[in-house]
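Asker: Below you'll find the structure I mean.
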Amino acid sequence: MLDTTPADPVERALVVTAHPDDVDFGAAGTVAQWVQGGTQVAYCIVTDGDAGGFDPAEARSEIPRIRRAEQVAAAAALGVTDVCFLGYRDGELEVSHGLRRDISRVIRQVRPQRMLIQSPERNWARIPASHPDHMAAGEAAIFAIYPDARNPFAHPSLLNDEGLEAWTVHDVWVMAAPDPDRAVDITDQLPLKVAALRAHASQTAHMDDLEERITQWMTSAAQAAGLPDGRLAEAFKVVSIP
């Protein structure tokens with residue numbers, strides 16, 4: 001049974017995902033709950049999602065701009081105002097030294113006590129959640145957390161040229177993990193999660209069953225956590241790093 005113990009409050013949290021909308025499908029309710037509890041949450045989105053979705057009236061070349069704007073609006077619906085984009089190509093993400101450095105830079109800038117990342121492990125029960133970009137972003141993020149961002153001698157230009165001191169993250173939450181051990185009851189945050197997802201109009205406007213679909217997912221997570229009937233939950237693997 002998944003643990004439902006409320007997370008200890010932290011001052012700052014950083015979310016790293018591959019695409020715009022990933023955090024909202026996987027953890028918008030939890031993010032909203034953290035913000036409501038006083039945590040300053042920042043987003044680092046690795047790609048612009050330029051290879052996904054459905055073409056709007058605008059040219060496909062406009063997709064990066066559209067998806068960035070949608071993610072900023074979705075974040076604002078949850079109370080998140082700090083959103084950065086790394087600009088990597090959608091569908092081509094690899095765990096490179098450069099990506100590790102770029103995520104390490106954001107960690108050192110934000111200085112979070114907690115991070116929320118995607119799973120670097122394939123979840124055979126949820127293949128769409130295990131998009132190659134998701135797994136690459138998760139792997140690069142955990143490498144940036146340990147050992148890179150905490151090591152003053154890793155990516156020396158961050159310290160020598162940018163003055164970014166090493167920073168250690170101890171609390172890591174992993175979304176879409178194949179073996180989750182923590183559930184967050186986000187029943188009260190459902191309207192905010194739906195609002196955030198609806199902000200991604202290029203991805204969700206065609207989904208007449210969006211709320212029904214995500215409710216089914218979160219009902220399953222709530223049942224796995226032993227929550228009462230009618231409750232909704234988001235599930236995570238939570239890792240403490242010394």
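Readers should treat all values here as calculations from the given coordinates under stated rules, not as data from a laboratory. Keep in mind the model is a prediction, meaning the values are calculated, not measured. For neighbour counting, all protein chains shown are included, and Cβ atoms are generated from backbone atoms with ideal geometry for every residue, glycine included.
Asker: Can you give the FRET efficiency to the nearest 0.05 for SER240 and ALA201, using r as the Cβ-Cβ distance and R₀ = 35 Å?
Answerer: With R0 = 35 Å, the Cβ-Cβ based efficiency is 0.40.
Asker: With only alpha-carbon atoms counted, please give the Rg and Dmax of segment 1-42, in Å.
Answerer: Cα-based Rg and Dmax for segment 1-42 come out at 11.2, 31 Å.
Asker: Using only the Cα atoms of the chain, what are the Rg and Dmax in Å?
Answerer: When restricted to Cα atoms, the chain yields Rg and Dmax of 17.1, 55 Å.
Asker: So what are the ³J(HN,Hα) numbers for segment 13-19, from phi and the Karplus equation (6.51, -1.76, 1.60; θ = phi - 60°), rounded to whole Hz, Gly and Pro as x?
Answerer: After applying 6.51 cos²θ - 1.76 cosθ + 1.60, I find 9, 10, 9, 10, 9, 6, 10 Hz.
Asker: Only Cα pairs within less than 10 Å get springs; with that Gaussian network setup on the chain, which residue of ASN151, ASN123, ASN160 has the largest fluctuation?
Answerer: Looking only at ASN151, ASN123, ASN160, the biggest GNM fluctuation is shown by ASN160.
Asker: Here is a follow-up. What does the extension gain come out to for GLU62 and ARG89, with contour length at 0.36 nm per residue minus their alpha carbon separation?
Answerer: Here the answer is 8.3 nm.
Asker: Percent of alpha carbon pairs in segment 165-220 separated by more than 17 Å?
Answerer: 55 percent
Asker: Let me ask something else about it. With an 8 Å cut-off on Cα pairs and a minimum separation of 6 or more residues, tell me the relative contact order of the chain in percent.
Answerer: After rounding, I find 27 percent.
Asker: Can you give the charge dipole size of segment 150-242 about its Cα centre, rounded to the nearest 20 debye, using +1 on the beta carbon of Lys and Arg and -1 on the beta carbon of Asp and Glu?
Answerer: Values: 7 positive and 14 negative charges, 16 e Å.
Magnitude of the dipole: close to 80 debye.
Asker: Further question: What residues have an amide H closer than 5 Å to that of GLY52, excluding those fewer than 5 places away on the same chain, when H is modeled at 1.01 Å from N in the peptide plane?
Answerer: Hits under the 5 Å cutoff: none.
Asker: Restricting to DSSP H runs of at least four residues, report the calculated mean residue ellipticity at 222 nm for the chain, -39500 (n - 2.57) per run over all residues, nearest 500 deg cm²/dmol.
Answerer: Calculated mean residue ellipticity at 222 nm is -11500 deg cm²/dmol.
Asker: List every residue whose amide H lies under 5 Å from the amide H of ILE241, counting only residues 5 or more places away in sequence or on a different chain, with H placed 1.01 Å from N in the peptide plane.
Answerer: Under 5 Å from the amide H of ILE241 lie the amide H atoms of ASP171, VAL172, each far enough along the sequence or on another chain.
Asker: Using 7 Å Cα-to-Cβ label points, what is the SER157/MET1 separation (nm, one decimal)?
Answerer: 5.2 nm
Asker: What's the local net charge at LEU93, with K and R +1, D and E -1, over the other residues with C-beta under 11 Å away?
Answerer: The answer is -4.
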